Amino acid sequence: MNVHRWDCDQDGTLTEAGLRRKLQKLGYSVNRYVYPPGTSFPEHTHEVEKVDAVVSGRFRITVGSDSVVLGPGDAVVVPARTAHSAEVVGEATVVSLDAARGQHPG
């Protein structure tokens, strides 16, 4: 799984608005979600390619046997129809930008 990390030298200071703009420039529609500690999503798929990006907190994404913990400024692309699961890690609330190409998965 390829993690895209925020580059302060190239992208400036990490902000939610800046991360949203970056995703939108790449052609994604973006929704904001807030997940409290203990939130988890069982394995599922979406019909569209999506990106899970983290503004704050820590969020574990698992695709097949690969698992990664995303922190602020981190993002991963999940291809369409690819089974994946996710969970909040630790006691901090996660603010996430969920980006999709085409119809948003909701």
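Every read-out reported here was derived from the displayed coordinates using simple, explicitly stated rules and does not represent laboratory data. It should be emphasised that the depicted structure is a prediction, and the values quoted were computed from it without experimental measurement. With ideal geometry, Cβ positions are generated from the backbone for all residues, glycine too; neighbour counts draw on all protein chains shown.
Observations on the model:
- Three-way shape call for segment 3-100 based on the alpha-carbon gyration tensor, with the a/c threshold at 1.5: oblate
- Point-charge dipole on Cβ atoms (K/R +1, D/E -1) for the chain, about Cα centre, debye to 20: 280 debye
- 3J(HN,Hα) along segment 10-16: 8, 9, x, 5, 5, 9, 4 Hz, from the Karplus curve 6.51 cos²θ - 1.76 cosθ + 1.60 with θ = phi - 60°, whole Hz, x for Gly and Pro.
- Max mean-square fluctuation residue, GNM over the chain, Cα-Cα springs under 10 Å, options 26, 70, 14: 26
- HN-Hα J in Hz across segment 59-73 - Karplus 6.51, -1.76, 1.60, θ = phi - 60°, x for Gly and Pro: 9, 8, 10, 10, 10, x, 8, 8, 9, 9, 9, 8, x, x, x
- Loop sites in segment 31-106: trypsin sites (Lys or Arg not before Pro), DSSP, at most 11 other Cβ within 10 Å: 81
- The residue list 94, 55, 45 was ranked by how far each Cα lies along the charge dipole of segment 25-104 toward its positive end, using unit charges on Cβ atoms, and 55 comes out on top.
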